[in-house]
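The values are calculated or read from the model by the stated rules, or taken from the named source; none is laboratory data. These numbers were taken from a predicted model, which means no experiment stands behind them. A quick note on method: Cβ atoms are made from the backbone with ideal geometry, for glycine too, and the neighbour counts reach across all protein chains shown.
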Amino acid sequence: MRIIDSGVLSRSVPGTDRANLTFPAVLCRSDGTLIATWHSGLTKDCADEVIEVSRSSDLGKTWSEPERPFGSPVLRGVRGTVKIVYLTELAPGRVIAASMWIDRETYPDAPGLFNPETEGCVPMYILLADSEDGGETWSPWREVPMPEVIGPASLTNPIMQLPDGTLIMTIESNKHYLDTSKWYQRVVAFHSTDGGETWGKPMNIGFDPTGLIFNWDLRSAVAPDGRIGAFAWTYNTETESYLNIHRRVSPDGGRTWSEPEDIGVTDQAAHPAVLPDGRVILAWVDRFQSQSIKARLAPSIDGTFDPETEVTLYAHEAPKEDPKGALGFSVWSFGLPYAEALSDGTVLVVYYAGTEDAMDVHWARLAP
């Protein structure tokens with residue numbers, strides 16, 4: 001595998017509400033058009049954050065000027081912001097947007113999304129919108145009701161569509177902000193058979209009933225044969241350490257899953273790109289060893305990611321003086337790659353990188 005092209009999708013503007021461009025994702029529509037989304041704000045989490053959108057008609061080499069079609073909707077009478085948007089094309093021209101909305105009023109003095117004392121989270125909700133013209137215009141947002149067991153809901157993957165048209169949405173649970181009880185984190189799958197209007201009961205994908213292992217930022221994709229591969233950022237709460245990425249495979253549309261399998265690479269997985277022949281490209285972030293973003297190729301959704309195929313997409317240069325120690329914030333100033341198969345058989349990976357004050361959205365195109 002090799003990198004055949006790369007560039008900057010959107011450049012930040014330090015000191016403005018475009019200083020931190022993060023959480024990128026990209027959709028390749030059936031006509032070959034690319035639509036990228038990302039978070040824009042003064043910092044990675046802030047009250048002025050907004051989602052930006054850009055398009056490309058030349059496989060990602062050039063991109064349109066950013067637009068802001070989604071705004072910051074009011075939900076349940078409360079002001080909030082949209083943290084992230086993932087797009088899925090359900091049919092030619094028909095696109096569904098899945099977003100995570102953050103309540104910015106209930107806990108106005110919160111230092112961030114999480115309560116450092118309780119590990120609880122501010123209220124977060126999942127919103128959906130539809131487009132019938134390829135993402136040019138959008139319906140109003142609609143809320144996806146969540147069962148109480150989920151708590152504030154985290155969205156870490158686009159909606160997936162199975163060969164029979166069933167939609168799958170994966171959601172991570174969180175504790176409520178002031179909840180002091182032990183946190184038993186889980187990630188679940190919801191199914192919809194009516195185009196995302198209603199959703200069934202949650203089905204566990206990753207859950208440790210002892211509360212020892214957390215499965216964060218699950219990234220999943222559907223193979224041509226209908227199987228689903230899910231890749232978890234795995235955390236040991238006792239040792240307070242990140243483990244290697246673990247994979248689970250579902251043969252039945254996300255209703256049951258294989259036991260977690262260590263795939264031999266460390267830290268946080270990207271959304272995997274699945275090629276028409278079933279091959280899979282997985283990018284990932286290695287923050288604490290090589291401080292880089294890399295990618296490998298596997299022959300199938302459950303195949304081995306061959307080290308011989310590995311490429312480095314980004315190598316982070318740590319600051320010469322780091323008063324926070326152990327690389328401090330610098331290890332969080334790059335990451336969250338997202339891979340998407342393109343119409344010509346190549347794969348585009350988007351990711352963010354920069355410094356605490358300014359982060360840009362980058363892209364690289366891979367030939368498998």
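Considering G71, G7, G32, which residue is surrounded by fewer than 16 Cβ atoms within 10 Å (Cβ to Cβ) and modelled with pLDDT under 95? Talk me through it step by step, then tell me what you get.
On the way: G7 fails: modelled with pLDDT under 95; G32 fails: modelled with pLDDT under 95.
Exactly one residue qualifies, and that residue is G71.
Given the criteria under 30 Å from D357 (Cβ atoms), among the acidic types (D, E) and out of contact with any His (no Cβ under 6 Å at 6 or more places or on another chain), does E89 qualify?
In short, no.
Looking only at region 110-125, which residues are aliphatic (A, V, I, L, M) and touching a Pro at 6+ places or on another chain (Cβ under 9 Å)?
First pass over region 110-125, keeping only residues aliphatic (A, V, I, L, M): 110, 113, 122, 124.
The answer is L113, V122, M124.
Here is a check on your reading of the model: is F23 assigned to a loop (DSSP other than H, G, I, E, B) and buried (at least 16 other Cβ atoms within 10 Å of the Cβ)?
On the way: assigned to a loop (DSSP other than H, G, I, E, B): no; buried (at least 16 other Cβ atoms within 10 Å of the Cβ): yes.
No; evaluated as a whole, the condition is false for this residue.
For residues in region 245-264 being acidic (D, E) and assigned to a strand (DSSP E or B), which is farthest from G165 (Cα to Cα)?
First pass over region 245-264, keeping only residues acidic (D, E): 252, 259, 261-262.
Those still in the list that are assigned to a strand (DSSP E or B) too: 261-262.
Details: E261: 28, D262: 31 Å.
The qualifying residue farthest from G165 (Cα to Cα) is D262.
Kindly indicate the residue of region 239-262 that is under 19 Å from the mean Cα position of the chain (by Cα) and β-branched (V, I, T) and also surrounded by the fewest Cβ atoms within 10 Å (Cβ to Cβ) among those meeting that condition.
V249
Output the number of the condition that D179 fails; it satisfies all remaining conditions of (1) crowded, with 18+ Cβ neighbours inside 10 Å; (2) in a loop (DSSP other than H, G, I, E, B).
The single condition D179 does not satisfy is (1).
Results for (1) more than 20 Å from V8 (Cα to Cα); (2) assigned to a strand (DSSP E or B); (3) touching a residue at least 60 places away in the same chain (Cβ under 8 Å), shown as yes or no for each residue.
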site: D45; (1), (2), (3): yes, no, yes
site: D58; (1), (2), (3): no, no, no
site: E65; (1), (2), (3): no, no, no
site: P69; (1), (2), (3): yes, no, yes
site: I84; (1), (2), (3): no, yes, yes
site: V95; (1), (2), (3): yes, yes, yes
site: I102; (1), (2), (3): yes, yes, no
site: E105; (1), (2), (3): yes, no, no
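Can you find a residue in region 212-230 that is in contact with an Asp or Glu (Cβ under 6 Å, 6 or more places away or on another chain), surrounded by 15 or more Cβ atoms within 10 Å (Cβ to Cβ), hydrophobic (A, V, I, L, M, F, W, C) and outside any loop (DSSP other than H, G, I, E, B)?
No, region 212-230 contains no residue that is in contact with an Asp or Glu (Cβ under 6 Å, 6 or more places away or on another chain), surrounded by 15 or more Cβ atoms within 10 Å (Cβ to Cβ), hydrophobic (A, V, I, L, M, F, W, C) and outside any loop (DSSP other than H, G, I, E, B).
Here's the yes/no breakdown for (1) in contact with a Pro (Cβ under 8 Å, 6 or more places away or on another chain); (2) over 21 Å from E136 (Cα atoms); (3) in contact (Cβ under 8 Å) with a residue 40 or more places away in the chain:
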position	(1), (2), (3)
V8	no, yes, yes
S12	no, yes, yes
T22	no, yes, yes
L27	yes, no, yes
T33	no, no, yes
S40	yes, no, no
V50	no, no, no
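Output the residue which, of all residues in region 349-361 that are crowded, with 24+ Cβ neighbours inside 10 Å and not aromatic (F, W, Y), is farthest from S10 (Cα to Cα). Step through it out loud before you land on a result.
Here is the first cut: in region 349-361, the residues crowded, with 24+ Cβ neighbours inside 10 Å are 349-352, 359, 361.
Now narrow it down to the ones that are not aromatic (F, W, Y): 349-350, 359, 361.
Values: V349: 14, V350: 11, M359: 9, V361: 5 Å.
It comes out as V349.
Just to be sure I understand the filter: pairs with C-beta atoms under 9 Å, separated by 6 or more residues or on different chains, first member in region 187-209 and in contact (Cβ under 8 Å) with a residue 60 or more places away in the chain, second member basic (K, R). Which pairs pass?
Filtered contacts from region 187-209: A189/R255; H191/K201; H191/R255; G195/R94; G196/R142.
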